[in-house]
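Down below is the structure, laid out as structure tokens.
The values are calculated or read from the model by the stated rules, or taken from the named source; none is laboratory data. Bear in mind the structure is a predicted one, so any value in this text is a computation, not a measurement. Note that we place each Cβ from the backbone using ideal geometry, even for glycine, and neighbour counts take in every protein chain shown. Quick note on the areas: whole protein, heavy atoms, side chains included, nothing else; ligands and nucleic acids left out. Shrake-Rupley method; radii C 1.70, N 1.55, O 1.52, S 1.80 Å.
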Amino acid sequence: FGLTAIVPAAGIGSRMGADCPKQYLQLAELTILEHTLARLLSYPAIERVIVALAPHDPWFESLPVAADPRVIRVEGGAERAFSVLNALQVADSEWVLVHDAARPCLTHGDLDALIATAMNCGGAILGSRVRDTMKRSDAAGNIIATVEREQLWHALTPQMFPTRTLKRALEEGLMLGATITDEASAMERAGFPVRMVEGRADNIKVTRPEDLSLAGLFLSQQA
Ligand code: C5P
């Protein structure tokens, strides 16, 4: 069976404060996006990777991976969910995996676990358990409550769902104006079960400048 991976890479990464979007920052000898794509393209069950790029993205075409026939580009949208939806229009496999461009440290072991559980449960995402004590505050930062952390997770990617179901759930959620920051939230809204798969803690999203050196360290440890 062949899987399609979707990589939303149309964000501008403003929290990074760099000259180019964070997925194009250099990490060792490759850009973050190249590391991410390499992890997906080297996984045997993944046959195609659809990358959603910002309109007139001037960076992607100069990367060697752009010439890989398994890599397909689509134009991204104003929000992540629109970028994923555009990619879903051209996905023709039964199942898709959606993975952030800015998570270059994904391992094949985590992919194995995610794929097995998703196919068994109808949909699944990688996550990591919350370790710190969690607080809810008001807008000024005054603590309102300590939140029970036992069943709290960080939602990571990839997130894996049946292609047609995810497309319908995203369309419906966007039409109703729901806040959709990951694919699972659209599936949850639509009433589908989604299982958490405990993944590795080094599958970080490069968001702030200090994450870049951390990702570099994780990549060198995995090598
Ligand atoms: O901004 P954040 O880190 O949450 O973005 C997660 C992923 O979604 C990134 O890979 C980013 O490039 C992508 N994205 C997108 N289209 C947007 C906004 C974000 O593809 N409009």
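Students sometimes get this wrong: rank Arg131, Arg208 by accessible area, probe 1.4 Å, all chains present, largest first.
Listed by decreasing accessible area, they come as Arg131, Arg208.
For Asp112, Asp68, give me the order by solvent-accessible area with a 1.4 Å probe, most accessible first, ignoring ligands, DNA and RNA. The partial results should precede the final answer.
Details: Asp112 80, Asp68 35 Å².
Accessible-area ranking of Asp112, Asp68, largest first: Asp112, Asp68.
Name the aspartates and glutamates eligible as straight-distance cross-link partners of Lys167: C-alpha to C-alpha under 17 Å, and not fewer than 8 places from it in the same chain.
Here the aspartates and glutamates satisfying the reach criterion relative to Lys167 are Glu75, Glu79, Asp92, Glu94, Asp182, Glu183, Glu188.
Could you quote the convex hull projected area for the range 69-169, Cα atoms only and averaged over all directions, in nm²?
9.2
Rank by packing, highest mean first: peptides 1-11, 169-179, 28-38, 148-158, with packing defined as the count of other Cβ atoms within 10 Å averaged across residues.
Working: 1-11: 23.5, 169-179: 14.8, 28-38: 20.4, 148-158: 16.5.
Highest to lowest by the protection proxy: 1-11, 28-38, 148-158, 169-179.
Students often forget the sequence filter, so: which lysines lie under 18 Å Cα-Cα from Lys22 once same-chain residues fewer than 8 apart are removed?
Output for Lys22: Lys205.
What does the C-alpha gyration tensor say about the overall shape of the chain? Classify as rounded when a/c is under 1.5, otherwise prolate if a/b is larger than b/c, or oblate.
Numbers: a/c = 1.36, a/b = 1.14, b/c = 1.19.
Rounded.
Relative contact order for the chain: what is it in percent, counting Cα pairs under 8 Å that are at least 6 residues apart?
Worked out over the chain, it gives 23 percent.
Tell me the per residue accessible area of the chain using a 1.4 Å probe; a whole number in Å² is fine.
50
Enter the per residue convex hull volume of the range 142-223, computed from alpha-carbon coordinates, in Å³ rounded to the nearest integer.
Expressed per residue, the convex hull around the Cα atoms of the range 142-223 is 179 Å³.
Would you please give the residues with an amide H less than 5 Å from that of Arg73, counting only those at least 5 places away or on a separate chain, with H modeled from the backbone geometry?
Val51
Below 12 angstrom from the Cβ of Glu171, what's the summed charge of the other residues (Lys, Arg +1; Asp, Glu -1)?
Working: positive: Arg164, Lys167, Arg168, Arg189; negative: Glu172.
Net charge in that neighbourhood comes out at +3.
Given contacts defined as C-alpha pairs under 8 Å and at least six residues apart, what's the relative contact order of the range 1-128, whole-number percent?
Relative CO of the range 1-128 lands at 35 percent.
Could you look at the range 44-181 and say what percent of its accessible area is carbon and sulfur, using a 1.4 Å probe and all protein chains?
50
Using modelled amide H (1.01 Å from N, peptide plane; none on Pro or chain starts), what sits under 5 Å from the amide H of Ile6, excluding residues fewer than 5 places away?
Ile50, Leu97, Val98, His99
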